[in-house]
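**Student:** Here you go, one structure.
The values are calculated or read from the model by the stated rules, or taken from the named source; none is laboratory data. Just so it is clear, the structure is predicted and the values come from calculations on it, not from any experiment. Glycine gets a Cβ as well: all are built from the backbone with ideal geometry, and neighbour counts include every protein chain shown.
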Amino acid sequence: MNMQNGTALPGYLPIAEHGIIGDLHTVALVGTDGSIDWYCCPAFDSPSVFAAILDRVRGGFYRIAPAAGDWTTKQLYLPDTNVLITRYLSPAGVAEVQDFMPVERVRGRVHRHRLIRRVLGIRGQMNMLLNLQPRFDYGRDEHREFFYENGVVFRAPSICMALETALPLQPDGSGLRCGFTIEPGQSATFVLEQVPETYVPRRYSEEETKEAFESTVEYWRGWLAQSRYQGRWREMVHRSALTLKLLTYAPTGAIVAAPTTSLPEAIGGGRNWDYRYTWIRDAAFSIYALLRLGFTEEAAAFMDWLTQRFSEPRPGASDPLQVLYDIRGGFDLKEQILPHLEGYRGSAPVRIGNEAADQLQLDIYGELIDSVYLFDKYASPIGHDAWSDLCRVVDWIADHWDQADEGVWEVRGGRQRFTYSRLMSWVAVERAIRMATRRGLPAELSRWQSTRDEIYHQIMRKGWHSERQAFVQHYETEVLDASVLLMPLVKFIAPGDRRWLSTLDAITSELVSDSLVYRYNIEASPDGLEGDEGTFSICTFWYVEALARAGRLDEARLVFEKMLTYANHLGLYAEEIGLTGEALGNFPQAFTHLALISAAYCLDRKLG
Amino acid sequence: MVAGDAASRLGRLGIFADLTDAELGDLAAELGEQSFPEGGWVLRQGELGSGLFIIVEGEAGVLVNDEERAILTTGSFFGEASVLLAEPVMADIVVRRPLRCLVIPPERAESFLVAHPRVMFRMFQTEARRLRTADPERD
């Protein structure tokens, strides 16, 4: 691999060739080539500082790698942490870069948003080159750079950042570079930090860097030590947990669906979305997974975020909840195309914001109330105010469940009467009834029960396709849809029910390709979007769970084990997997890691 | 445009971070740049200050009693204490990589700083940073 000194990256690394570091406010993607090519600061949904993953020329990057010659890399996490190590191996020697972002642990203290890169000499003599090319606001902002004796301050209209180091930095276009030699026992530290406009960079002492490193390691290890998971595939489950924690916005407890925008579902395609938001849908799965592993604090924080959403009025909206919110609970997610960015490997458009927020997706109420139910059952009983708000939501569902909507996959091809939306409406009412009954809470039980039964009968009558002998995507089609894999998981149907087993067989023969599961057949069910897509990793994990619950344990285990081989070198998953096994879509995706945890937990218990 | 290029080079230096483009242009015209070849000396310990030096490009080592204490690069400045106090310099400055400096002669230092208070403020900030780095407990 040869490096260059210019201001553009030579090409696009595969999506899976990245690790992730973060500070519970935002993350950075670090390529195996030592390049940080995605970083938004100070929060997940802030404009980008580095976005070379979306445009290698205009996006901006921050690379530390050998200056020249042939070299290879390895990347790993320091065990049980989110401290990433990228190793460079060459005939001249070995060096490694430790990348980490300190987590501010004192509540109320101003978060400094530091991204620390520490280069260590391991063997021989390595000539290294640092090249930092920030491009603020997705490459739209001009900036000025000011050189001081311990670093450089970049001043853009929206943000100021400093790169601080004891090593001499040289101007390079509108960025900087630094060539240095490192030998065994030596280290060099570079701190990228959000700073005030009048800031003067300072030199970090070796002791200070070491302390930041050790406290970051201690933070992650201390956090993971709360996990109660002792089952099979523990490393993968724990990596998923660590990744979910990285996707958590600490000030509110919200979890982003993924920390990236517009990584394509198919190379060259237009299915490119901004996932730096919090979907209500993910909530039930998040809370279930976090509680299962013993992370009650995170589950409680996310539950707080959720209950605030259904207690607040939505101006001008008739339905109680929006499909997704920003990480602070905000409603305004206006979608915008960034035409100046070419997109990952030419996959345009690049979007920021997400208009799916304005869709009607009736399933979210089921996911929401299921998560409240789980929290009430396993963590902390629901309070009066939350119950009153929840009753209001259930009453709304009782009046509105029987209508067409955009559905779980957020299609843009018109509303349909989706089976999954009704299934989750059933979950909403059924879980509310369970809570009212178990806790003796006031409720219009007879009305709720008749709604629940009405939904049940309608799904059995209209969602069931007698010729196909399967539950189908919506009432006016014979197309299959992987979302119905959740039917036994949410206890709508017995896992050994005849109708369910034949649905499972139909899905296996039509939507499963070498263990991987498509969410639906795009050709048979046009979704209003152009382009192809890969298999959906979450559907594969649902499939594992459905197989396990149906008692098909050998199959479930094989599918699960095969699915594990599609993780990247660090155990991370994007949303989808392409035909040749490549990761596609935003990365890493919380939903997939949540489903992995749930499938591993279920399968491990079934295997005994 | 040579003058424009020089102004834009100066505009990168932290000490001039608050100056407008016009002020930078004036500064580039007013102050001369000096070049120093690699391996040579810019200042010698004990000699009387020959000016306030602001590094535009290159690298210099700071040696006290032959021990290298720091490396100075783009945006750093040196010679200020000697100029302000009219006392001999305390360190050797040796060129590590070809050096280009903006030089303010000792006799013009005071009038220059008084005429450019924002430059003086930035210089003062850097001195404060140096003090804190030398003794983190100090405030």
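**Student:** Find the residue count for the stretch A:166-188, including only residues that are in a strand (DSSP E or B) and within 14 Å of chain B (Cβ to nearest Cβ).
**Tutor:** The number of residues fulfilling the criteria is 11.
**Student:** List, please: which pairs have Cβ atoms under 7 Å, are six or more places apart or on different chains, and start with a residue in the stretch A:71-82 that is assigned to a strand (DSSP E or B) and end with one that is of a type in the set (Lys, Arg)?
**Tutor:** That search, which allows pairs on different chains as well, returns A:Thr73/A:Arg87; A:Lys74/A:Arg87.
**Student:** Taking A:Leu89, is it free of Cβ contacts under 8 Å to residues at least 24 places away in the same chain, outside any loop (DSSP other than H, G, I, E, B) and either buried (at least 22 other Cβ atoms within 10 Å of the Cβ) or over 19 Å from the mean Cα position of the chain (by Cα) (or both)?
**Tutor:** Yes: the conditions hold for A:Leu89.
**Student:** Any chance you could count how many residues in the stretch A:217-256 are surrounded by fewer than 20 Cβ atoms within 10 Å (Cβ to Cβ), within 17 Å of the chain's Cα centre (by Cα) and not hydrophobic (A, V, I, L, M, F, W, C)?
**Tutor:** Total satisfying the criteria: 2.
Here's the yes/no breakdown for (1) under 21 Å from A:Tyr199 (Cα atoms); (2) hydrophobic (A, V, I, L, M, F, W, C); (3) within 14 Å of chain A (Cβ to nearest Cβ):
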position	(1), (2), (3)
B:Val56	yes, yes, yes
B:Ala60	no, yes, yes
B:Glu67	no, no, no
B:Leu72	yes, yes, yes
B:Ser76	yes, no, yes
B:Val83	no, yes, no
B:Glu87	no, no, no
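**Student:** Just one of A:Arg557, A:Arg498, A:Arg552 is modelled with pLDDT of 95 or more, under 26 Å from the mean Cα position of the chain (by Cα) and of a type in the set (D, E, K, R); which is it?
**Tutor:** It is A:Arg557.
**Student:** For the list (1) hydrophobic (A, V, I, L, M, F, W, C); (2) within 14 Å of chain A (Cβ to nearest Cβ); (3) closer than 18 Å to B:Leu10 by Cα; (4) in contact with a strand residue (DSSP E or B) (Cβ under 9 Å, 6 or more places away or on another chain), I need the number of the one condition that B:Phe112 fails.
**Tutor:** Failing condition for B:Phe112: (2).
**Student:** Then there is this: Does the stretch B:6-24 hold any residues that are modelled with pLDDT under 90 and either under 18 Å from B:Met120 (Cβ atoms) or more than 11 Å from chain A (Cβ to nearest Cβ) (or both), and which are they?
**Tutor:** B:Ala6, B:Ala7 - these are the residues of the stretch B:6-24 that are modelled with pLDDT under 90 and either under 18 Å from B:Met120 (Cβ atoms) or more than 11 Å from chain A (Cβ to nearest Cβ) (or both).
**Student:** List every residue pair whose Cβ atoms sit under 6 Å apart, with the two residues 6 or more apart in sequence or on different chains, where the first one lies in the stretch A:150-165 and is within 11 Å of chain B (Cβ to nearest Cβ) and the second, anywhere, is hydrophobic (A, V, I, L, M, F, W, C) and part of a loop (DSSP other than H, G, I, E, B).
**Tutor:** A:Val152/A:Leu169; A:Cys160/A:Val195; A:Ala162/A:Val195
This table checks each residue for (1) aromatic (Phe, Trp, Tyr); (2) within 26 Å of A:Ala398 (Cβ to Cβ).
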| position | (1), (2) |
| --- | --- |
| A:Ala266 | no, no |
| A:Asn272 | no, no |
| A:Tyr275 | yes, no |
| A:Asp282 | no, yes |
| A:Gly294 | no, no |
| A:Ala300 | no, no |
| A:Gln308 | no, yes |
| A:Pro315 | no, yes |
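**Student:** Between a first residue in the stretch A:200-229 that is within 14 Å of another protein chain (Cβ to nearest Cβ) and closer than 19 Å to A:Leu163 by Cβ and a second residue that is among the small types (Gly, Ala, Ser) and part of a loop (DSSP other than H, G, I, E, B), which pairs have beta carbons less than 8 Å apart while being 6 or more apart in sequence or on different chains?
**Tutor:** A:Arg203/A:Ala166; A:Tyr204/A:Ala166
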